[in-house]
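Bear in mind these aren't lab numbers, they're just calculated from the coordinates by the rules spelled out. All values reported here derive from a predicted model rather than from experimental measurement. Note: ideal-geometry Cβ built from the backbone for every residue, glycine included; neighbour counts use all protein chains shown.
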Amino acid sequence: MNILHLALHMALYYWKSYMLIIVQIAAGAFVIYSSLTIYASIESRYEEMQDEVHTLTWHIVAQSSGDSDTPPISYEQLLQLKQTYTEAMFPLHFVYPVYYTNEANQLTEAYIIYASDDYMQFMLQSEEPFDTSSNVYVGSEIKAFLEKKGDLIKIFPGTPAYRVIDGSLVIDEGRHYSIQPIMSASDDKPDSFEVPIHFGETEKRALSDQIVLLPLTAVYEHYTPKDEGTLRLSVRVNPSTSGEEATTLIMQVVSQLFNWNPSYSYNVSTLLQQFLLKMTGVKDTAIIAFIISIVCLLLVILGLTGLVHLLFNRRKQGLSILIAVGARRQDLWAAMVVETMLPALLGVAIGVLGGAYYLPRYIQFDQISISPSILWMVVTAAACLLPVFLSSSTLFLRIYNLQPIKILSRE
């Protein structure tokens, strides 16, 4: 007896009964594979990144603890920090949302960023110096809007007016700045690219077409940073600096800031620490999703077991005839097991291959790559198919105890 041919014939005959099972197993396999792959990808880099935690970007958050007539840091104090700690960068910037109407006449959010030279070099990944004494760097969409229609709509009433006059950007009818386009100095970035920005407690990514980079000195001329209540000073330490030296440097910077402005409280964390905390949350979510998918998959397999036994009851007469004409019971049992495994195998293949295609393209984490894993494909297949095999194997006793003469005599 051709077991595979018989199993395939039976599965195709009842394909409508198996369709929902295939979809459910595919969904379960997709979640299981995705959860395992994401967890393993993060875990493989987690300890290594913990060793790097002291040598990248630090955040010093200054929170006003009372009335203060001074900003958390002045421009002169920032210059003094740069002169004292030459092994560090201080990409200080202030972000103010503004709005303009695009070519489709839709109100679009943009960002005025008062930025230090270090911030511009860090954001644009350029080694070239920036002339912020007389230049501003403007995204193409903002520049086109200002040249056509003039001032931007401001979300904060206290912010100044920005206008383009004779090819220069003018702030509050005061100083004129020469307009330069924002372009990436990195070969692997297009002219329009995403940049990370933050203001207050908000963090997001903005298109370079929709930002204006102004010299940091201008914010102190036209707006008072102390009104923000909270300031986040980023300090990027040279990667060659050891963790202990980096920690000492940051503590010295915090001590200096407190001496200058004792009315503020200061909290220190690293960008990588925040990233690792986020990744810990992602790992926990992956574990929860894995557990839930396993439970749901077991429920699906219970349903599949019920379907298999229902089909067995419908086939008793046909199976009895086959046994009566000489078919071996173990061959019939093997055919029904293979019949059950075929839709499960198809569902697993769809789910695993779907996860392998989806994850690298749509799930992205900074500093962590998500790539297809043969190991987790095999583990997922085993986790899905083994319970299906065990559930279908319960038919063995029913086939072994089948009495064809008794069943056929009733007919």
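General remarks:
- Förster-model FRET efficiency, 45 Å R0, LEU79 and LEU353, C-beta, rounded to 0.05: 0.20
- Note on SER134/GLN252: beta-carbon distance plugged into 1/(1 + (r/R0)^6) with R0 of 30 Å gives a FRET efficiency of 0.35.
- Net charge dipole, region 263-354: roughly 300 debye, given to the nearest 20, about the Cα centre with Cβ charges of +1 for Lys and Arg and -1 for Asp and Glu.
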